[in-house]
Each structure stands twice: as structure tokens, then as C-alpha cells.
1. Give the total of Lys-Lys pairs in the chain with Cα-Cα distances below 27 Å; include a pair only if its members are 8 or more places apart or on different chains.
2. Say a site is exposed when it is one of the GluC sites (Glu not before Pro), sits in a DSSP loop, and has at most 12 other Cβ atoms within 10 Å; what is then the longest site-free stretch of the chain?
3. Scan segment 11-106 for trypsin sites (Lys or Arg not before Pro) in coil per DSSP, keeping those whose Cβ has at most 13 other Cβ atoms within 10 Å, and list them by number.
4. Quick check for me: using +1 on Lys/Arg Cβ and -1 on Asp/Glu Cβ, what's the dipole size of segment 2-298 about its Cα centre, in debye to the nearest 20?
5. At a Förster distance of 30 Å, what's the computed FRET efficiency of VAL59 paired with ARG131, Cβ-Cβ distance as r, to 0.05?
6. What is the calculated FRET efficiency for ARG166 to GLU323, with r their C-beta to C-beta distance and R₀ = 51 Å, to the nearest 0.05?
7. Which option, [x] 20.9, 72; [y] 19.3, 65; [z] 19.6, 60, is the value of Rg and Dmax of the Cα atoms in Å that was calculated from these coordinates?
8. Taking loop as defined by DSSP and a crowding limit of 14 other beta carbons within 10 Å, which trypsin sites (Lys or Arg not before Pro) in segment 159-240 fit?
Amino acid sequence: MCDTLAAVGSVTSTGATLFAKNSDRDHAEAQYLEWLPPARHNAGEKVKLTYQAIDQARVTHGVLLSKPHWIWGAEMGANAHGLVIGNEAIFAKLEASTRPGVIGMDYVRLALERAADVDEAIEVVTTVLRRYGQSGNCGFRRTLAYHNSFLLADRHSVKVLETVEREWTVMPVTDACAISNAMTIESFRSVFEDETRSVSGRYRRARATTLLQERPGSLQVRDLLRILRDHAEGPSIDGRPGARICAHRRENPIGQTTASWVSDLTPAKTIHWVTGTAAPCTGIFKPLLLDIGVPEHGPPPGALPESNSLWWRHEQLRRNLDESGPDVLASFDEERTALESGFLRAMAECPALVDPASRSQARATVENCWREAWDFESRWLNQTL
């Protein structure tokens with residue numbers, strides 16, 4: 001399952017829109033970061049999504065995606081225009097179909113590739129939805145189909161889009177908002193929601209909303225990092241562990257948080273903070289600027305552990321830390337927090353990208369952060385073997 005948050009400029013400390021998401025997927029389902037440059041396509045060209053081919057757009061925007069390794073689409077992502085999107089599984093009285101079609105993650109990527117802002121993205125999603133609907137297995141090690149809600153944000157607007165089959169509705173966000181695996185828009189929820197499958201999502205959405213409201217008017221990137229790492233636990237369901245926003249326990253049959261993302265949509269210098277790894281409570285949020293791409297961080301992961309893959313290296317570290325006891329974990333957390341604080345300060349001092357000199361400085365800053373994060377995890381991986 002997943003949790004997605006956003007806050008408009010009127011409730012943030014800098015006046016910038018903030019966005020965040022934890023992507024919760026099957027255990028050991030590796031996810032990776034991919035930058036796809038803008039492209040032009042031939043008339044009549046088709047694009048093969050996860051399962052289905054559809055008409056390709058003549059022009060696609062440059063996009064940064066966080067995606068399960070086996071899926072065409074993405075759990076969350078951003079494009080060069082400052083648009084960010086995350087999706088959520090939602091469950092309706094009308095059962096979702098596993099018939100191969102267009103899945104929610106495909107819609108995230110399609111919207112980012114074809115739209116420049118929130119309203120255009122909603123138009124892209126609903127146009128394709130009316131033609132193809134939504135269906136397909138979204139589970140990696142199990143069969144799972146669901147309907148989708150989306151949280152879309154740009155520098156000027158945040159909106160929720162909820163869909164069931166080919167039906168949809170939109171709600172504008174005027175302050176801060178959290179969505180989860182439960183329907184958010186009351187008029188839609190009262191008609192469609194399967195309440196027996198939304199208990200966990202309702203708890204996590206309420207918890208995230210409470211945390212967002214603790215700092216009205218002064219929300220910062222640090223606050224969203226803290227929310228994504230929250231371990232407050234909801235009530236047990238059918239004897240299973242209670243739901244929580246940061247999910248990574250082995251005894252939880254639902255899955256784990258497999259990637260995390262926060263966007264700071266400041267007009268002069270939009271920064272995306274990404275882990276590229278599971279478990280944000282042990283992951284390191286590293287900065288990305290779309291204008292300079294993604295620093296080298298090893299090969300894309302697959303279904304099996306790989307020593308040079310960022311995702312799989314951290315997964316081994318996470319498991320080691322789980323077994324090392326609270327004192328070791330506290331020491332790790334203290335060092336990791338100090339490291340991230342240094343990244344936040346470095347990016348705050350980084351100039352806007354207005355000329356070759358500023359771009360060069362920004363690239364060096366970002367690459368240094370990624371290098372330090374890699375070295376930090378390598379050291380702790382060795383310490384916890």
C-alpha cells in the first residue's frame with residue numbers, strides 16, 4: 001500500500017508546494033530511479049505500456065521516475081515542468097480486473113510524459129481512462145488488482161483525482177492533504193468504496209493528516225521526511241500487525257515501503273529528495289535536480305539481490321540493522337540525520353540554475369551528496385555484517 005501527501009504554498013514555510021510519497025509494494029520488490037529525456041515520436045507510433053500498447057504522443061516531456069523494476073510505469077515521478085504525481089490503490093464494491101490493460105502506474109508515467117501541469121495531467125489520465133479503462137495485475141509475487149487515486153501537484157496547484165473503472169472525480173486541495181488506500185472524496189466514497197478493504201488506508205491517511213496539521217503555515221521538507229518515517233501503529237486487523245506509514249516489518253504480509261520521495265517545488269530551484277531504497281527510516285534522502293539528471297548509483301535492480309545495486313545494498317543494510325538492536329540503530333539514525341542535514345544545507349546554498357557556472361556548481365553539489373550517501377551506507381554495511 002502507499003501514502004501520498006502534499007501541501008500548497010500557503011501552509012509551507014517558503015511558500016513552495018511540497019509533495020511526498022511512500023511507495024509500499026511486495027517484500028523485496030526492488031524499485032529504481034530512471035531519467036527519461038524529452039523525445040519526439042513519429043505519427044501513428046505505438047507505445048507498449050506494462051501490458052497494453054496505445055497510441056504514442058508526438059512529444060513526450062523529460063521525466064524522472066521511481067518505478068518497480070518490472071513495470072513500464074511509475075509509483076511516483078516528476079517532469080521537467082515541475083509536475084509531480086503519485087498514485088494509490090483503492091478498492092471499490094466493483095471488483096478491479098486483472099485483465100491485462102492499463103494499470104495505475106502506467107497512468108502516472110503517461111501523465112508526466114504528456115502534461116505540463118496538474119490540469120493537463122488530469123486531462124491526459126481521464127482521456128486515456130475513458131478509452132481503455134484500468135485493469136491488470138499490479139502484484140509482483142501475488143495477484144493484485146485495484147482502482148486508483150492520484151495526488152497531483154505543481155508549483156501553483158494540488159488536486160486529488162479518484163477513479164473507479166472509467167468513472168472519475170476531482171477535488172482541489174487548498175491547504176495540506178494526505179491520501180492513502182481509502183477514498184478521499186466523500187461523494188465518490190459513499191457510492192463506490194469497499195469499506196472492508198480500506199481500514200488500513202483510513203488509519204494511515206488520518207495519521208498523516210494529523211502530522212501535517214501540527215505545523216500549520218510552516219511546513220518544511222524536514223517535516224515531510226519525518227512523516228514518511230513515522231512508525232505510529234494503527235489497530236491490528238485480523239491478527240496482523242497494525243498499519244503504519246513507514247512499513248518494513250517481515251511479519252507484515254501486506255508488504256513494505258520500497259521507495260520514498262519528497263519534492264520541494266520552489267520555482268527557481270525545484271529539488272526532489274529521493275531514497276532510491278526501501279524503508280525511509282534507514283534510507284537516505286538524496287537531492288536531485290532534473291536539469292542535471294541522476295548521478296551514477298549502480299545498475300538498475302532486478303528480482304534477485306545484487307551487490308552493486310543501490311536498492312539491494314540498502315536492503316541488506318536494513319536487514320542487518322533490524323537484527324543489530326536498538327543501540328546500533330539509534331547510532332545509525334543520529335549519523336544519518338546529521339548527513340541529511342548537511343545535504344539540506346548544501347542544497348539551500350546552491351544557486352538557481354541560470355547559467356553554465358551555476359549548473360556546474362549544482363551538479364557538483366548533488367553528485368557530492370550522492371557520493372557521501374554511498375560511502376556512508378558502505379561503511380555501515382561493513383560494520384553490521
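1. Pairs that pass both the separation and distance tests number 15.
2. By the stated rule (loop sites, at most 12 other Cβ atoms within 10 Å), 96-213.
3. Answer by residue number: ARG58, LYS93.
4. So the magnitude is around 420 debye.
5. 0.95
6. So, using R0 = 51 Å, E works out to roughly 0.60.
7. Matching entry in [x] 20.9, 72; [y] 19.3, 65; [z] 19.6, 60: [z].
8. Passing sites in segment 159-240 are ARG166.
Since every read-out is calculated from the coordinates, none of them should be taken as a lab result. What you see is a predicted model; the values in this text were computed from it and never measured. Positions of Cβ are backbone-derived with ideal geometry, glycine not excepted, and every protein chain shown enters the neighbour counts.
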